[in-house]
Structures are given as C-alpha cells and as structure tokens.
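No value in this document is a laboratory result; all are computed from the given coordinates. Note that the structure is predicted; figures quoted are calculated from it, not measured. Positions of Cβ are backbone-derived with ideal geometry, glycine not excepted, and every protein chain shown enters the neighbour counts.
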Amino acid sequence: MSSGHVAVLMGGFSSERPVSLASGNACADALEAEGYRVSRIDVTREVATVLSEVRPDIVFNALHGPFGEDGTVQGILEYLEIPYTHSGVLASALAMNKAQAKRVAAACGIPVAESLLTKRADIGSDHPMAPPYVLKPVNEGSSFGVLIVDEGQSGPPQSVASTEWHFGEILMVERFIKGREFTCGVIDGRPLCVTEIVPVGQKFYDFDAKYRPGGSRHILPADLKPNIYQKIQSLAVEAHQAIGCRGVSRSDFRFDETLGEEGIIWLEVNTQPGMTPTSLVPEMAADAGYSFGAFLRWMVEDASCLR
C-alpha cells in the first residue's frame, strides 16, 4: 500500500477541532514520508461529496469529538464503501457516550465509578451527589467541560448554567476517585505499555495539561507493582473488546493505591486518541518498537469497512 492514496480527515467542527488539525497534519506528514499519496481534507458537512471527488483508497480518520468520533462519519464512510481506520459505527457511538460505555463495561465486570446522569437545567444550588465528584459532559472529549467539585464546596459550579456553556445538555456526575492517573493503549487486541500521567500545575489532566507544552509528564512504563500493571493492561483489553473497538484504542484509569487491585477504576475508552508523535498512544507504540511512521502504516493496512 506504500503507493496507495490515503485521505486524512481532520479539523471538523467539534470543540476538538484544533487538536484534530494537529493530529491530522502530523499523520499526513508521516504518511507522505512513508511513501503514500496523501490528500488532506479539512472536514465540512460536504465531506461525502469531497470524498466522492477525491476517491481515496483509504481514509485515515484523524477527527476528534462529535461527528468525527461518534459513529457519524464512520457511517458516511460505510455508505461510500471507503475502508477507514479506527473503530466502526457501533463502537464509536458507544464509546463517545460515557454513560452508555460505562454501563457496558460494568456489565462485563470492568470496575467503574459510581455515577448518575442529570440535565444541565436541573443543576441548582444542591449537590447532585455528595462531594467530591466530577461533572462531565456525556459526549465530549479532551476534558472539555470537565469540572471537579471538592469536598466542602457549598454547591455545584454554576458555570454549567451559563450561556457560555457549549458542551451539551446532559451531564454525568461521577464519584471522584482519589489517587494516580494511568492510561493504556491497545493495538489489534494487544495491550501497549501503561503510562502514568502527572499534570504539571493543573488540578487534573485537563485540556491545558493535555496540550500545553510542559502541561503534564508522561511516565512510561509506569512505576507500578507487576500485578497492578498487568491488571490495568488486562482491563484495557477487556474494555476494547467489550465496546467492540477495532485498530487502536486507549483506556483511562484512576488508581487508589490504598485499596490494592480493588483501587483500579476504569474511566473511559478513547477510540481515536491523539496522533501527534508526542501524544500518549504514539509514545506507547514507540516503547513497543514502532516508529511513528510504522505505527501509522499499520493503521492504514488495518483499515476496512464493516468495523
């Protein structure tokens, strides 16, 4: 396929547009260096027409957030019969809805935090759950709209009721899990290394910690006891399979060391993780011996329809 034609979908119109443009351009550069003919497509609502005109052999999906990561564009690609990377329609839609993904994971025996759903309009002066807890938009990524409510805080944050709020009307209220933050990638059903994420100058792994230079430290392989390390890897694979992911995914975890293995809590699975050379999953792939170009080549060769 080194002489094949790959269309890289990037940008789009979700809150994660800047992240997607960074991922997409990094992937396009690397795929060109690998010998592919690459078309860079900044996605609009005319994407089906553009793809019909461009006529690529493969689509590399570097979109993030709603429309690009929630099964919508995957359905368009299925309709156009263009093989594509990452997960298919069902897994993408399921993983993007944090509450539904947690229900499936819990039913498969994966440990999750206590949570409930609430409408933004119903957030008043009373806590929806005894603090500490986390408020999360149910269908966003990159920590957009995530708020931590500490113990002793008099009420829920009123920013969710503001006209400035653009992260949806349904929120998940999730029990805050104290401890350390870890993530583990899965490629073709096999776990990559476990990475510890240490935010620098931030309360948690928010947008700035993810994307601002120096906003976080990634420690890989993570310094953990072997049984904890292997358990996180095992749970990442179980989540990948339970949600029905294909290609590459990444699961995020919190770990309360005081509880041993019982302190490992799965948070969510990301079906289209960031794909710059310094993003989490490419770092894990490098630890496994893949260059960035070789890693992307594997993803292109793995592309298909009916995923």
Practice item. Any chance you could tell me what percent of the C-alpha pair distances in region 115-175 go past 18 Å? Key: 23 percent
Point to revise | Neighbour cut-off at most 13 other Cβ (10 Å), DSSP loop, trypsin sites (Lys or Arg not before Pro), region 23-61 | key: R45
Check your understanding: So, in Å, what gap is there between the alpha-carbon centers of region 24-80 and region 90-160?
Key -> 31 Å
Review point. Using a Gaussian network for the chain with springs between C-alpha atoms less than 10 Å apart, which of these wobbles most: A22, A130, A242?
Key: A130
**Study point:** Ranked H86, H127, criterion: other C-beta atoms within 10 Å, fewest first
**Key:** H127, H86
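Go ahead and run the numbers for FRET between L80 and L116, Cβ-Cβ distance against an R0 of 41 Å, rounding to 0.05.
Working: r = 39 Å, r/R0 = 0.95.
Efficiency, from the Cβ-Cβ distance: 0.55.
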Review point. What is the helix-to-structure angle for 292-302, meaning the angle in degrees between its Cα long axis and the longest Cα principal axis of the chain, kept from 0 to 90 and rounded to the nearest 10?
Key: 80 degrees
**Study point:** Inter-label distance for E151 and D57, nm, one decimal - labels placed 7 Å from Cα along Cα-to-Cβ
**Key:** 5.9 nm
**Study point:** Electrostatic dipole magnitude of the chain [Cβ: Lys, Arg +1; Asp, Glu -1; Cα centre; debye, to 20]
**Key:** 80 debye
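Per the helix-only calculation at 222 nm, which mean residue ellipticity applies to the chain, given -39500 (n - 2.57) for every DSSP H run of n ≥ 4 and division by its residues, nearest 500 deg cm²/dmol? Walk me through the numbers on the way to the answer.
Values: 9 runs with 94 residues, N = 307.
Dividing the helical sum by the residues of the chain leaves -9000 deg cm²/dmol.
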Practice item. For the chain, with a Gaussian network of springs between Cα atoms less than 10 Å apart, report the residue from S159, S23, S87 with the top mean-square fluctuation. Key: S159
